[in-house]
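In what follows, a single structure is set out as structure tokens and then discussed.
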Amino acid sequence: MYSNFSSLLCSYFHQTPSHLHRPDWLRLYELGHKHNILPILYESARSLPEFQTAPASVQQKFLNTAVSQIVNQQTRTETFLCVYRALTDAGLRPLILKGLVCRLLYPQPDCRPSSDEDLWIAPSDFSLCDSVLRQCGYTCVTPQVSPEVLKTIQTVNYENGILTLEIHINPFGTKSATHRAMNRIFAGALDHPMAFSLNGQTLWTLSPTRHYLFLLVHLYKHFLSAGTGIRQLLDLCLFDTAYASRINRTVVWQAVRALHLTDFYGSLLKIGRTFLGFSDLAAGSPLPQGKNLDERPLLAEMMDAGCFGVQDESRRYSSVFTQATLHGTGLFSILFPPLGQLRSTSQALDRHPWLLPLFWIKRWKRIAFRILDDQFSLGGILNTGLSRIRVFRRYGIRPIRKHGSRLPALWRKKEDTP
């Protein structure tokens, strides 16, 4: 079903001939848009005879969207480099996560659109970071940021009309033991950054092993929520290829096993090799020994999810059901989310925790109105959730228990290279 999509991606990244079979260009357009890689599909397809015989309206649709996304990305990148310079001039050293670091690995960086940029800072740097961003014309859109909130919040977000900045405080949030275990993998990472240069400007990011792990854990975090798509796997494969000799595979597999991701990670690697054509992954990332993994259910789930799985309302809301089931909290946490999960969304709730029941009632009313407006159906949410839970079980995905991980031990040494 997705062979034409795969062929176009392999042609773009590996310069292999495209073998298309009766391509449905409108469907391919929708897939490219859904996975936020449409400029890549267009670059791969535009000179093919099969594409040139497609309806003129479809060709134009590809062209207009691709050009628009590329131009907008160029503007966002320039805007980001400007504000990053302001932050470093103020004495800060925020680490760039994903985004620009991944784009630079693509044959044409601006063909990988990013609607935002992610930076990681220490909580002690937040006040200065906030001041610099406001001076640069950014507005904080996170409702309430108090010292108490900074202990648990994942990101504080800023916008300036062109670019959204996600300032990570706790990289993966703290709402479950699984998310806290994800954070522990990166204990001390801020103290050992890697510098790189772009157009004469010094930028900072995670060291190669940590950044590879960050891409993997970030992909997994979204997979646990509403889903993850092909672009996140492309980021991982391209990073693996570019930094193969500098990634400590022993550390990677320690983290994979600690998070119970052996089958999941192995299946991702198989998709990277068979569907995306990154055959070189085999040298540095061996599959689990003795495993005959079937990656097809995972591939089908990823293709359906699209980029972060948020374009479909039923899928987006099913994440509440899947996460509650995965973490063993059941329907109670869906109906009565804890104070720590909601306090960053409201200044009033942060100051007056006793208002929590009122926020529960507002939540129920909001969901009820959306159901009555036919914006989504409970049946669709349930079916999507149950389907995704079957995928979880197939790949052995299960929660981290409170004291079930010793991940900080992975980083006792400063160097993370092999």
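A few notes on this one:
- Ligands, DNA and RNA excluded, the heavy atoms of Val145 present near 40 Å² of accessible surface to a 1.4 Å solvent probe.
- Computed 3J(HN,Hα) for region 146-161, one whole-Hz value per residue from the Karplus formula 6.51 cos²θ - 1.76 cosθ + 1.60 where θ = phi - 60°, is 10, x, 5, 5, 4, 5, 10, 5, 7, 9, 10, 9, 10, 9, 10, x, glycine and proline marked x.
- Sum of side-chain charges, Asn170 neighbourhood, beta-carbon under 9 Å (Lys, Arg +1; Asp, Glu -1): +2
- Solvent exposure ordering (accessible area, 1.4 Å, most first) of Glu313, Glu159, Glu117: Glu159, Glu313, Glu117
- Only protein heavy atoms count here; on that basis, with a 1.4 Å probe, Tyr395 has an accessible area of about 10 Å².
- Percentage relative contact order, region 128-205, counting C-alpha pairs under 8 Å, at least six apart: 17 percent
- Computed with a 1.4 Å probe over protein heavy atoms only, the accessible area of Thr53 comes to about 120 Å².
- Under 5 Å, built H, 5+ apart or other chain: amide partners of Met194: Thr205, Leu206, Ser207
- Above-threshold pairs, the threshold being 24 Å between Cα atoms, out of Lys98/Lys175; Lys61/Lys98; Lys98/Lys362; Lys175/Lys362; Lys34/Lys175: Lys61/Lys98; Lys98/Lys362; Lys34/Lys175
- Of the GluC sites (Glu not before Pro) found in region 1-91, not one falls in a DSSP loop while having at most 11 other beta-carbon atoms within 10 Å.
- Most to least accessible of Lys34, Lys362 (protein chains only, probe 1.4 Å): Lys362, Lys34
- Listed residues Thr174, Thr228, Thr16 arranged by accessible area, highest first, probe 1.4 Å: Thr16, Thr174, Thr228
- The fraction of accessible area contributed by carbon and sulfur in region 66-149 is 50 percent, rounded to a whole number (1.4 Å probe; ligands and nucleic acids excluded).
The values are calculated or read from the model by the stated rules, or taken from the named source; none is laboratory data. What you see is a predicted model, and the numbers here were worked out from it, not measured in a lab. FYI the Cβ positions are ideal-geometry reconstructions off the backbone, even for glycines, and counts take in every protein chain you see. Only protein heavy atoms, including side chains, enter the accessible area calculation; ligands, DNA and RNA are left aside. Shrake-Rupley method; radii C 1.70, N 1.55, O 1.52, S 1.80 Å.
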